[in-house]
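Data block below; observations after.
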Amino acid sequence: MPVIPDIRWIDSADALDDACQALSQAPVLALDTEFFREKTFHPVPALIQIYGGDATYLIDPLEVACTERCRQLLTNDALKLLHASSEDLEVFGHWAGVAPTPLVDTQVAQGLLGEDAAMGYQRLVEFWVGETLPKEETRSNWLERPLSDSQLSYAALDVVYLLMVWQHQRESLERHGRLEWVLEDCNDLVAQSQRSSESDGQWYLRQRQLWRLAPRQVEAYRLMTTWREGEARARDLPRNWVIQDRVLYAIAEKMPANRHDLAAVEGVKPTLIKREGDTLLAMVKQAAHREASELAPAPLAPTLPPFKARMKALKKVVNLDAESLGVAPEVLLRRRELEALVTASLRNQPLPLPDGWRGERLNERLEGALGELAQAG
């Protein structure tokens, strides 16, 4: 039988504090957010949903700011549930100034139970609860007021079923001895979300073709992406609205010395030259004149035989362990992490081995696989 949620609409500070008092003794809180982000860098909170097993509280962040009592609720000892939490954590950081902790991400939990590591919420509910959630409000306008009855029901069911899902997941995780793994991974998720605003200078590393550039070109790309990150945050615009990744990469590739050269770069339009041309050229010039000793080495080409051999050996270690656990290999180590290990090995640098439960399972075999290849030359 489908659940009919008891919905409480919250649009004042007093009502929010009363809701938090009612929820204060709940051992587990299911959370969700609806937000708008098509035209901004920061998410615009449109709805906050909280459920502790009784009524479902739908908080209107357009009308009420987060109160101190709500911040206390979000960080008390109760377990907080979210699904695919990365953007929700941004919303809570923007609206409440805190991350919900302690946290369990039910998508992470599902990955450690051997199912799809990126399972969507509707499939998750169907898998564990046997109910089919309505889909018609998935892309509705959550900033409109008043919300329709259909929107209210959809938003409430998102958190009502989340609690049910977790009850099943927890039993299975405990049976497999993996509950602590989930808690460890989700602690890392929260820490990562809190570090994200401090790592603007690392955005350039997400470029998959960075290895094709020389060190000075890489430095130009790094400087421009760092600048773009700051501008996107300050202007509250999507990164690609400031300037697209492919354009920044093309500029770094060509290293233009003047506006005429810049205009010849594919994707560079006259409006961009007028608005940002001098700034971009200054960063290219800075990279071109930086001391060679100050430049980071360019990423290694993944097409080189030594690189490919080490990747193959590491993947074999990870795939065998993933198979023994019945999980997807990327749940253990992502490609970027494997590439970092290979790069460190080829450059005779300390290996960035995984921490925690992954390290306990994998590190000895990862080091052994790389050591054998190093000895073989």
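The values are calculated or read from the model by the stated rules, or taken from the named source; none is laboratory data. Keep in mind the model is a prediction, meaning the values are calculated, not measured. Glycine gets a Cβ as well: all are built from the backbone with ideal geometry, and neighbour counts include every protein chain shown. The protein model used for the area step is the full one, side chains on, heavy atoms only, and it has no ligands, DNA or RNA in it. Shrake-Rupley method; radii C 1.70, N 1.55, O 1.52, S 1.80 Å.
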Exercise. Carbon and sulfur together cover what percent of the accessible area of the range 53-183 at a 1.4 Å probe radius?
Worked result: 45
Exercise. By how many nm would the segment from residue 364 to residue 87 lengthen if fully extended, with 0.36 nm per residue of separation less the alpha-carbon distance?
Worked result: 96.3 nm
For this session: Kindly express, to the nearest 10 degrees and within the range 0 to 90, the angle between helix 270-289's C-alpha long axis and the longest C-alpha principal axis of the chain.
Result: 60
Seminar exercise, completed: Beyond 26 Å (Cα-Cα) in this structure, taken from 39/274; 39/269; 80/135; 80/315, we find 80/315
Exercise. Counting pairs of alpha carbon atoms under 8 Å apart in space and at least six apart in sequence, what relative contact order in percent does the range 198-260 give?
Worked result: 36
For this session: Assign unit charges at the C-beta atoms only (+1 for Lys and Arg, -1 for Asp and Glu), then state the dipole size of the chain relative to its Cα centre in Debye, rounded to the nearest 20.
Result: 2260
Problem set entry | Rg/Rh (Cα only; Kirkwood hydrodynamic radius) as it applies to the range 219-377 | 1.11
Exercise. To the nearest 10 degrees, how steep is helix 149-176 against the longest Cα principal axis of the chain, on a 0 to 90 scale?
Worked result: 80
Problem set entry | Additional length obtainable on full extension of the chain from residue 132 to residue 69, 0.36 nm per residue less Cα span | 19.2 nm
Exercise. Rg and Dmax of the range 157-268, using alpha carbons, in Å: what are they?
Worked result: 21.2, 66
For this session: Along Cα→Cβ, 7 Å out, is where each label goes; now give me the distance between the ones at residue 374 and residue 167 in nm to one decimal.
Result: 5.2
Seminar exercise, completed: Gyration tensor on Cα atoms of the chain, a ≥ b ≥ c root eigenvalues, a/c under 1.5 rounded, else prolate if a/b beats b/c, else oblate, says oblate
Exercise. How large is the accessible surface per residue of the range 275-348, computed with a 1.4 Å probe and reported in Å² as a whole number?
Worked result: 55
For this session: Compute, for residue 180, the solvent-accessible surface of its heavy atoms (probe 1.4 Å) with the complete set of protein chains present, and express it in square angstrom to the nearest 10.
Result: 120
Exercise. In whole angstrom, how long is each semi-axis of the equivalent ellipsoid of the range 1-69, when you take the square root of 5 times every eigenvalue of its Cα gyration tensor and sort them from largest down?
Worked result: 22, 16, 11
Exercise. Roughly how many whole Å is it from the C-alpha centroid of the range 295-330 to that of the range 349-364?
Worked result: 14
Exercise. So which trypsin sites (Lys or Arg not before Pro) in the range 1-78 end up in coil per DSSP with only 10 or fewer other C-beta atoms within 10 Å?
Worked result: 39
Exercise. When only C-alpha pairs under 8 Å and at least 6 residues apart count, what is the relative contact order of the range 291-361, in percent?
Worked result: 25
Exercise. Hey, what did the chain get for relative contact order, percent, Cα under 8 Å, at least 6 apart?
Worked result: 14
Problem set entry | Cα gyration tensor category, rounded, prolate or oblate, for the range 14-167 with a/c compared to 1.5 | rounded
For this session: Would you mind telling me the share, in percent, of accessible area of the range 275-377 contributed by carbon and sulfur at probe 1.4 angstrom?
Result: 51
Exercise. Say we join alpha carbon atoms closer than 10 Å with springs in a Gaussian network model of the chain; which of 179, 295, 162 then has the biggest fluctuation?
Worked result: 295
For this session: Specify the residue with the greatest mean-square fluctuation among 304, 346, 82, computed from a Gaussian network of the chain linking alpha-carbon atoms under 10 Å apart.
Result: 304
Problem set entry | Qualifying GluC sites (Glu not before Pro) for the range 230-338 [loop in DSSP, other Cβ within 10 Å: at most 13] | 266, 291
Exercise. Among all the lysines, which ones have a C-alpha under 22 Å from residue 308's C-alpha, if same-chain residues fewer than 8 places away are not counted?
Worked result: 316
Exercise. Hey, what's the range 120-170 come to in accessible area per residue, 1.4 Å probe, Å²?
Worked result: 51
For this session: Filter the trypsin sites (Lys or Arg not before Pro) in the range 257-331 to those in DSSP coil with at most 15 other Cβ atoms within 10 Å of their Cβ, and list the result.
Result: 290
Exercise. Ignoring ligands, DNA and RNA, how do 101, 33 rank by accessible area with a 1.4 Å probe, largest first?
Worked result: 101, 33
